[in-house]
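Worksheet: the structure to be examined is printed underneath.
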């Protein structure tokens, strides 16, 4: 920077020793080292401040980019990737409209249809080896508890 070689530095050190003397030289070196530390500290603070400003500028750019990519644009990209022609969206819309129109009809009271006239079953002869049928029909009772365990109570 100053383009000073070792020979010039030796001459400057010799002149400083002659001018200050051996008694003042340690105190002068402490003062110079103190000022050098202060200058380096000031330089590092300045550099860290500049780095922080650059980092903030980069963060602002990144923030703007993230704000540019909104949730809606991501949804649109996914929708275009999955359904480019829009067929699925149309089908879903039609199904939704059909459900909305069917809902009022479902809310109307349901009237039970008239019972059909009873039809008599054809007479079938009982096999000869069959036991005699009791006069009461066999009824199976199944409760929730029994249905889980597979037990059926017959009466």
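In table form, for the structure just shown:
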quantity	calculated
Only one of 57, 13 that is surrounded by 10 or more Cβ atoms within 10 Å (Cβ to Cβ) and within 44 Å of the chain's Cα centre (by Cα)	57
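Okay, residues lined up against (1) in contact with a strand residue (DSSP E or B) (Cβ under 7 Å, 6 or more places away or on another chain); (2) outside any helix (DSSP H, G or I); (3) assigned by TED's automatic domain parsing to the domain that holds residue 12; (4) over 30 Å from residue 13 (Cα atoms):
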{"position": "36", "(1), (2), (3), (4)": "no, no, yes, no"}
{"position": "42", "(1), (2), (3), (4)": "no, no, yes, no"}
{"position": "45", "(1), (2), (3), (4)": "no, no, yes, yes"}
{"position": "51", "(1), (2), (3), (4)": "no, no, yes, yes"}
{"position": "61", "(1), (2), (3), (4)": "no, no, yes, yes"}
{"position": "64", "(1), (2), (3), (4)": "no, no, yes, yes"}
{"position": "81", "(1), (2), (3), (4)": "no, no, no, yes"}
{"position": "90", "(1), (2), (3), (4)": "no, no, no, yes"}
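The values are calculated or read from the model by the stated rules, or taken from the named source; none is laboratory data. What you are looking at is a predicted structure, and each value in this text was computed from that prediction instead of being measured. Counting neighbours? That spans all protein chains shown, and the Cβs are built from the backbone with ideal geometry, glycine included.
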